[in-house]
Amino acid sequence: MEQKALPHDHGQNIERVLEKLPAQDDCMQVAEVFKQVSDGTRLRIFWLLCHCEECVSNIAAAMDMSDSAVSHHLKVLRKGGLITSRRDGKEVYYRLADAGKAQLLHGACEEIFEITCPLN
């Protein structure tokens, strides 16, 4: 990374920090992950799917929402790689993706909510 000339010297070693500063594109990718769970309902659905595999109708009933509203939230989470789906006959089941960012987000949710995973 090219060294930037800073307007003030505060006696701190900001240069070492700036050497590790993530690229703008990388930060935009991380921001997209946070956008996917920036909706409270979507976060609840994500947390539910961290602990069980479930179909749209059951998720909708648990969230007290319509199937179509839940499907919209599931589409956002799936597009972002946080959840996956599988078809079994006419039913489609959703669950947490086996991806590092999904697992990390699951752990962060548990820590922030100050709850223990119900499956442990």
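The values are calculated or read from the model by the stated rules, or taken from the named source; none is laboratory data. These numbers were taken from a predicted model, which means no experiment stands behind them. Note: areas computed on protein heavy atoms with side chains; ligands, DNA, RNA excluded. Shrake-Rupley method; radii C 1.70, N 1.55, O 1.52, S 1.80 Å.
Counting heavy atoms of the protein chains alone, Arg86 has an accessible area of about 100 Å² for a 1.4 Å probe. Rounded to the nearest 10 degrees, the inclination of helix 40-51 to the longest alpha-carbon principal axis of the chain is 70 degrees.
Averaging over all projection directions, find the projected area of the Cα convex hull of segment 34-101 and quote it in nm² with one decimal place.
Working: hull surface 16.9 nm².
Answer in nm², one decimal: 4.2.
Between Glu114 and Glu91, what length comes free when the chain is fully extended (0.36 nm per residue of separation minus the Cα-Cα distance, one decimal in nm)?
Details: separation 23, 0.36 × 23 = 8.28 nm, distance 3.31 nm.
That pair, Glu114 and Glu91, stretches by 5.0 nm at full extension.
Overall, the accessible surface of the chain at a probe of 1.4 angstrom is composed of carbon and sulfur to the extent of 52 percent.
By the rule of a C-alpha distance below 17 Å, with chain neighbours fewer than 8 residues away ignored, the aspartates and glutamates paired with Lys79 are Glu32, Asp39, Asp98. Note on log10 I(q)/I(0) by the Debye sum over Cα atoms at q = 0.09, 0.14, 0.19, 0.22 Å⁻¹: of the candidates (1) -0.23, -0.55, -0.97, -1.23; (2) -0.36, -0.67, -1.00, -1.26; (3) -0.20, -0.52, -1.03, -1.48, the value calculated from this structure sits at (2).
Per-residue surface analysis assigns Ile112 an accessible area of about 130 Å², computed on protein heavy atoms at 1.4 Å probe radius.
Bridging of Lys20 to lysines at a Cα separation below 23 Å is possible for Lys4, Lys101, once same-chain residues fewer than 8 apart are set aside.
Here Lys75 is the anchor, and the aspartates and glutamates within straight C-alpha reach of less than 13 Å, apart from those fewer than 8 places off in the same chain, are Asp67.
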